[in-house]
Amino acid sequence: MDISNYLFLSAILFTIGAVGVVVRRNAIVVFMCIELMLNATNLAFVTFARINGNLDGQVASFFTMVVAACEVVVGLAIIVTMFRSRRSASVDDASLLKR
Amino acid sequence: MLSLALHSGTTATPEAVQFWFLAPLAVLAALGMLLVKKAVHSALLLAWVMVSLAFFYIAQDALFLGIVQIVVYTGAVMMLFLFILMLVGVDSSDSLVETIKGQRGAAIAAALGVGGLLTSLIARAVQGVPAVGLKDANNGGNVQGLASELFTKYVWAFEVVSALLITAALGAMVLAHSQKIKSKTAQRDLSIARFRKDSLGASAGLPAPGVFARHNAVDVPALLPDGSPAPSSISATLKARGDMLDSKIFELEAKEEEEN
Amino acid sequence: MNFADLLGNDPGWLTTVKAFLVFALCVLLTLLAIWSERRIVARMQMRLGPNRVGPFGLVQGLADGVKLALKEDLIPKAADKIVFIIAPIISVSTCFLSFAVIPMTGKVSLFGHKTAMQLTDMPVGVLFILAAASVGVYGIVLAGWSSGSTYPLLGGLRSSAQVISYEVAMGLSLVAVFIRSGSMSTSEIVAQQHSLWYAVALFPSFVIYLISMVGETNRAPFDLAEAEGELVGGFHTEYSSLKFALFFLAEYVNIIGVSALATTLFLGGYHALPGLTFTENWLGGWFTMIWFMAKVIAFFFIFVWLRGTLPRLRYDQFMKFGWKVLIPASLFWIMVASSFRLMSQRGASKSVVIAAAIGVVIILLAAITLFDRSKEKSEEREALGDVAPPSFPVPQIPSQRAEQLHG
Amino acid sequence: MTTSTHLVYLIALPLVSAAILLLLGRIADKWGHILATLVSASAFAIGVSEFFAMKSRHGDARAATQTIFSWISVGSFKVDAALLLDQLSISFVLLITGVGTLIHIYSIAYMSHDRDRRRFFAYLNLFIAAMLLLVLGNSYLNLYVGWEGVGLASYLLIGFWNQKPAYATAAKKAFVANRVGDVGLSLAIMIAFAQFGTVTFAGVKAGAPHASSAALTAIGAMLLLAAAGKSAQFPLQSWLGDAMAGPTPVSALIHAATMVTAGVYLITRSNFIFDASSTARLLVVIVGAITLLFGAIVGTAKDDIKKALAASTMSQIGYMILATGLGPVGYAFAIMHLLTHGFFKAGMFLGAGSVMHGMDDEVNMRKYGGLAKFMPITTITFGLGYLAIIGVPPFAGFYSKDKIIETAFNAGGTKGILLGGAALLGAAITAFYMTRVVVLTFAGSKRWDEKAHPHESPVLMWLPMAILAIGSVASGFLLASGSAMVNWLAPVVNASGVEGGKELMKPIVVSLLALGVVVVGVAFAVIKYRTVPSVAPEDVSIFTKAARKDLYQDSLNEALLMRPGQKLTSGLVYTDDTLVDGAVRSVGFTLATVSGWVRKLQNGYVRTYALVMLIGLLALIATIWMVTL
């Protein structure tokens, strides 16, 4: 099996995640799709590390995880706050800026 | 054998078996995440994708990352998602009908474009390129190797990320915090309040349903000392459901006679 | 020749056999655990406990299991069917995973092969156990959610919050072990303890781990997820029959699992008690397994003991304890432990290390004293200032009367 | 050159007093006028002591300077806030503080019924300070500050009763007319700086002989413009008549004795410029001659006593300007006439004020008549001033005006005859209209309403009038005897000791000639105004009509300046509205329209933005794809 298959898998997962972000309305699901995209890039990083024979890719992947964790914590806090004030987790309901 | 295979950019058989078994499942799970209506199902499917990725990491000589992937992503991040899902109670099904005109078509077209171009880019760039493999890099152990990278070359980024983590934790606390104007009433406060009310009637608590009544059921009101029923003794849930019977029929006959 | 290489040479069939053995051991231990818990708690409560089925009622657990399996399997109408079924499966399958990296014996020979009673050895073995535990939480959360009922949901939420919180404290308590041993591999950690158990060397870690392992397994006094008085049965209220049995099994396997980990990390694993090292060679090395089991059972006894002794905590007190006491204490301890580790690596003399240790203890005691005093003061102030006059004459509250009498 | 340390108090005292009165507000109502008067008097005292100190010094040491602080220092442009007190300045200082103090005293009584008397005195003090700065500044820039300061004070005082729209308009008119002159002064300063690299009088004086004649002429013309603005000379004279809207003491102090003479001071101070440019001098004499006739003619037709006096002021300043244009010998005579005029004109204004005071603020002379019986002191003081202005010996005007006429005749050639003739004609008309004023006011029959009760003014009012009357009697003789004034000022204005031109006639002939025309003028007026209708007759000659309308000066201004200005402004506004704003608006409109289209993209849905990002990513990847192909 060719190692680049991992990269193809990564690309596919990334694309699916991107579609999810654009298509789904539930803020939490949108968030999960973003996580999927991040995970896909992580897979690519790890694969690149293997192809290049050094650990830099894995380190990058590690940092991605940490940053993703931060992002999730803050993002979910925002969603909770949003939900508290308007009883809805739909991203389409948070469209007041257009007015 | 492994190194030979790696050199030509391909992998050993067990890894290939694992890949061809898990990868389609992962893609299916990802698609499923996109398509299912319940957010919790989405979360589960995503967790599955993440576990699959953890296996891929381990297969690719990233043992530490694989385990961390499970601990951090599956264990913490996805659990947080589930937690929030349950906390805010968004467990009902989402409508998948698109409300913005042209959004779905454009999204799919753009995504197909991105996916196709990415794939072809990768194919052009990587396919057939000999892979070096991590045998040398992991010589002293994967964890040790990562650690020495993290604490030498990337130490600045590491420190910055730690600051980011603290900031995020604080930020989340601030965002999710709701200022309490007065302290929460504890059991003790409630008890004190009960005794300090104008009437000491309720100080003993509400009567339990069925007490002194002819029926010992939860939907039957208790009888007060004078024989009259006490509707307040029945659970509010039953009242809301409409499962409560009319209180009057439980009045003691003696009282009815008196009135007659 | 270290364990990793030793196990790496195992042929596939041997690994399969070992896996089967580990599984069987776990189930057997669970049955025994149920029986012994009931007997011990009964003793503590001046009862006899199960004593009818088999000698000393030993088969009672098996009989109960059969009865459970044969009961009607109910799935509530409001339940999310697939998840409802998956949840116990996740729970039970992850609980066994941690045993894959627990070394139960030293070097032994099995079917003519030189090996050790350990399925596999990973450089990140302990993390693997943590990972398995974190996936195991899914079982509880999903069970709670999928039941489509309020009490299980609350129980599931409580349980997951609890497990995640205490996992943090647990993970932090392990860090000192990693620092001291320089490894995350279970076999390596055990090997490092041949002279001094970490329960002694890293006593604060040991205490923190002991507390957090009880929280992690939802056992009394931390069994808030299934507090009968508040939540009926917690996350498994709606479960019945075999699915309930699976949760039951998972809980006990988890208890044994964390006990085994505690043994491995802090009590020297399969090593004999100090002074009895010669026993490690008895029975061709298999006697080490007896030492290991003895220690695990000792931990299990502590679990039962706690359950029989302590009342349940209130939820907010429990979470406060986890986040505001255990985690900061762990962090502080990690700092101290790593400082000592650095000192020993840099070749500091023993007297310097001891002096530093005494210094740390003194600072700690002083901080605790000061904190307590300020807390007392603020409490006094609150107690004095908080009393609003009632609108009608009431009998004085006893504490107030006492205050007036004394001062 | 002597260095002094206390010149600054001359300015600082009234300035601080003004600040106190203005800032303290109503608190100072009770004693504000007394403070202001005391301050003015003490300034006069300082001036007198300085005068005697100066007299005790000799030669170059007479002039004193004081550098207060370094004001501007930009590159090579350095200006110190410095004062210069020389023979010219001290003359003005004494006039300003002396007459000023008298008018302060007069005002205490005159303004005693006004609610805002404190404010009035604050402005008066402000004026004194600014005027002193004007005459004490050692550079054109310092002078400019004082120049603007007196403009401001004048504006505030003309519009002191600005509750009447007409008065406010008059104040505005004065301000605008002055502004035109100020432009001239600032231009002159700029040219001077460009030409000489300095703006101090000493520096410019040192550089003037080497400068090009064009530059000097330009500076001179600009200075003349400034002087015309401030001194109400042709063609900027129109504001002075309206300036009579202010309280009478103001008219006496500012619009007769001091401020309006600032133009004369400016030209005299700049004598080194005019000495070096004959063209500039020619312009000066032309303006002076025209104005002296113009003012005199206007004065013959005015029925308003103050406006008649204002026209007379204009005419008299015309004499002074004429004198300054006659070269080194003329300056001293101009200043001498300025001083004597300061006495008699201020006295007459105060007299007019006294009359108005007694006649319930009636200003129309046709409603007076026969007031000599009711106001003997006013009549005497006014009469002395009248004799002085028409030039009857030995009163002050005779000495000063006679010298100017004489010098004008001596200018030489046709120019001399024309200028002398104009001055002589002016003297005749002056005699005519002044006699008219006196006859209409004090002689003849009563023409006032029954309601009026003419009475003599209180002592605080007639005392200053009396002192000024003494001045108008004596000052001419004192200044002229032994050429005292000429010698005194010579170091400043005529250092090289230039003698007058060839005498056209003997001085005694000129004097007799002047006396002759005065007698004719007086006789003509007495005969003409034996009987006066109390309402101005309408069927008068075209000349009278023209004179009543200030010789159509306002109409001319309106036609030549205001209308085209308004047209230009409206044209510019139209251009601004259509062209500039149109461009701006069309840019905005275009942007708004485009934004309206683009706005549709901003539908507020975060998912749409995410989609756009995705498309952007697609574009990026496509680019990479193509680049790496």
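Checking the a/c ratio against 1.5 first, then a/b against b/c, what shape does the Cα gyration tensor give for the stretch D:340-548?
oblate
In nm, what is the difference between 0.36 nm times the number of residues separating C:LYS324 and C:LYS77 and their Cα-Cα distance?
Taking 0.36 nm per residue and subtracting the Cα distance, the gain is 84.8 nm.
Would you mind telling me which residue in C:GLY148, C:GLY284, C:GLY156 has the biggest mean-square fluctuation in a Gaussian network model of chain C, where springs connect alpha carbons within a distance under 10 angstrom?
Among C:GLY148, C:GLY284, C:GLY156, the largest mean-square fluctuation in the Gaussian network model of chain C belongs to C:GLY284.
D:HIS210: accessible area at probe 1.4 Å, nearest 10 Å²?
Here the accessible area works out near 150 Å².
Can you tell me which of C:ILE189, C:ILE256, C:ILE89 moves the most in a GNM of chain C? Springs connect C-alpha atoms under 10 Å apart.
It is C:ILE89.
What is the gain in length, in nm to one decimal, between D:SER570 and D:HIS58 on full extension, counting 0.36 nm per residue of separation less the C-alpha to C-alpha distance?
So the extension gain works out to 178.2 nm.
Toward the positive end of the charge dipole of the protein assembly as shown, about the Cα centre and with charges on Cβ (Lys, Arg +1; Asp, Glu -1), which of B:LEU53, D:GLY318, D:ALA41 goes farthest?
The Cα lying farthest towards the positive end belongs to D:GLY318.
In nm, to one decimal, how far is the modelled label at B:SER228 from the one at C:MET335, with both set 7 Å along Cα→Cβ?
For the pair B:SER228/C:MET335, the computed spacing is 6.7 nm.
Within the stretch D:102-142, name every residue whose backbone N is under 13 Å away from a label modeled 7 Å from Cα of D:VAL16 along the Cβ vector.
It comes to no residues whatsoever.
Using a 1.4 Å probe and counting only protein heavy atoms, arrange D:VAL587, D:VAL145 so the residue with the most accessible area comes first.
Highest to lowest solvent-accessible surface, that is D:VAL587, D:VAL145.
Could you work out how much longer the chain between D:LYS164 and D:SER483 gets when fully extended? Use 0.36 nm per residue separation minus the Cα distance between them, nm to one decimal.
The D:LYS164-D:SER483 span can extend by a further 110.0 nm.
DSSP H helices in chain C with Cα extent of 30 Å or more along the helix axis and mean Kyte-Doolittle hydropathy at least -0.5?
Span-like helices, by this rule, are C:12-44, C:125-146, C:150-181, C:241-266, C:287-309, C:350-385.
What is the angle, in °, between the Cα long axis of helix D:87-110 and the longest principal axis of the Cα atoms in chain D? Nearest 10 is fine, range 0 to 90.
Helix D:87-110 sits roughly 90 degrees off the main axis of chain D.
Have a look at D:VAL627, D:LEU560, D:TYR574 and report the one farthest towards the positive end of the charge dipole of the stretch D:558-628, computed about the Cα centre with Cβ charges (Lys/Arg +1, Asp/Glu -1).
Result: D:VAL627, furthest along the dipole toward the positive end.
Taking H placed 1.01 Å from N in the peptide plane, check which residues at least 5 places from D:ALA64 or on another chain put their amide H under 5 Å from its amide H.
D:THR2, D:LEU85, D:ASP86
Please say if the stretch D:109-175 is rounded, prolate or oblate, where rounded means a/c under 1.5 for a ≥ b ≥ c the square roots of the C-alpha gyration tensor eigenvalues, and otherwise the choice is prolate for a/b larger than b/c and oblate otherwise?
Oblate shape, in that a/c is at least 1.5 and b/c is the bigger or equal ratio.
What number comes out for the charge environment of C:ILE334, summing +1 per Lys or Arg and -1 per Asp or Glu over other residues with Cβ under 15 Å away?
+2
In debye, nearest 20: dipole of chain D around its Cα centre with unit charges on the Cβ of K, R (+) and D, E (-)?
That gives a dipole near 600 debye.
Compute a Gaussian network model of chain C, connecting alpha carbons closer than 10 Å, and tell me which residue from C:LEU62, C:LEU74, C:LEU326 fluctuates the most.
C:LEU74
Report, in whole Å, the centroid distance computed from the Cα atoms of the stretch C:109-124 and the stretch C:182-196.
Distance between centres, Cα-based: 16 Å.
Work out the length of the dipole vector of chain C about its Cα centre, built from +1 on the beta-carbon of each Lys and Arg and -1 on the beta-carbon of each Asp and Glu, and round it to the nearest 20 debye.
600
At 7 Å along Cα-to-Cβ for each site, give me the label-to-label distance between D:VAL598 and B:VAL155 in nm.
4.8
Compute the distance from the alpha-carbon center of the stretch C:23-48 to that of the stretch B:101-144, in whole Å.
54
The stretch D:29-91: which chymotrypsin sites (Phe, Trp or Tyr not before Pro) are DSSP loop and have at most 14 other beta-carbon atoms within 10 angstrom?
Here the chymotrypsin sites (Phe, Trp or Tyr not before Pro) that fit, given the DSSP loop and packing criteria, are D:TRP31.
To the nearest 100 Å², how much accessible surface do chains B and C cover up together, summed over both, with a 1.4 Å probe?
2300
First compute the accessible area of the protein assembly as shown with a 1.4 Å probe, then give the percent of it belonging to carbon and sulfur atoms.
C and S fraction of accessible area: 68 percent.
Would you kindly find the accessible area of D:ASP361, with a 1.4 Å probe and non-protein molecules such as ligands, DNA and RNA excluded, rounding to the nearest 10 Å²?
110
Of all the stretches in chain D, which is the longest one without any exposed loop site, taking GluC sites (Glu not before Pro) in a DSSP loop (any state but H, G, I, E, B) with at most 11 other Cβ atoms within 10 Å?
D:1-449
What FRET efficiency comes out for C:ALA366 versus A:SER85 if R0 is 45 angstrom and r is the Cβ-Cβ distance? Round to the nearest 0.05.
The pair C:ALA366/A:SER85 has a calculated efficiency of 0.45.
Quick check on chain C: take the gyration tensor over C-alpha atoms, sort the square-rooted eigenvalues as a ≥ b ≥ c, and tell me if it's rounded (a/c under 1.5), prolate or oblate.
oblate
Skipping prolines and chain starts, which residues have an amide H placed within reach, meaning under 5 Å, of the one on C:ALA116, given they are 5 or more residues away or on another chain?
Here the answer is C:VAL108, since their amide H atoms fall under 5 Å of that of C:ALA116.
Taking K and R as +1 and D and E as -1, what net charge do the other residues with C-beta under 14 Å from the C-beta of C:LEU7 add up to?
Value of the local net charge: -1.
Mind putting a number on the dipole of the protein assembly as shown about its Cα centre? Charges go on the C-beta only, +1 for Lys and Arg and -1 for Asp and Glu, and I need it in Debye to the nearest 20.
In total the dipole reaches around 2600 debye.
Take the Cβ-Cβ distance between C:ILE302 and C:LYS67 as r, set R0 to 25 Å, and report the resulting FRET efficiency rounded to the nearest 0.05.
Here the calculated transfer efficiency is 0.30.
So what does C:THR120 come to for accessible area, using a 1.4 Å probe and Å² rounded to 10?
60
How far is it, in nm, from the label point at D:ILE527 to the one at D:VAL498 when both lie 7 Å from their Cα along the line to the Cβ?
In this crude label model, D:ILE527 to D:VAL498 measures out at 4.3 nm.
The values are calculated or read from the model by the stated rules, or taken from the named source; none is laboratory data. Predicted model only: the values in this text are computed from it and were never measured. Cβ: placed from backbone, ideal geometry, glycine included. Neighbour counts: every protein chain shown. The accessibility values were calculated without ligands, DNA or RNA, using every heavy atom of the protein model including side chains. Shrake-Rupley method; radii C 1.70, N 1.55, O 1.52, S 1.80 Å.
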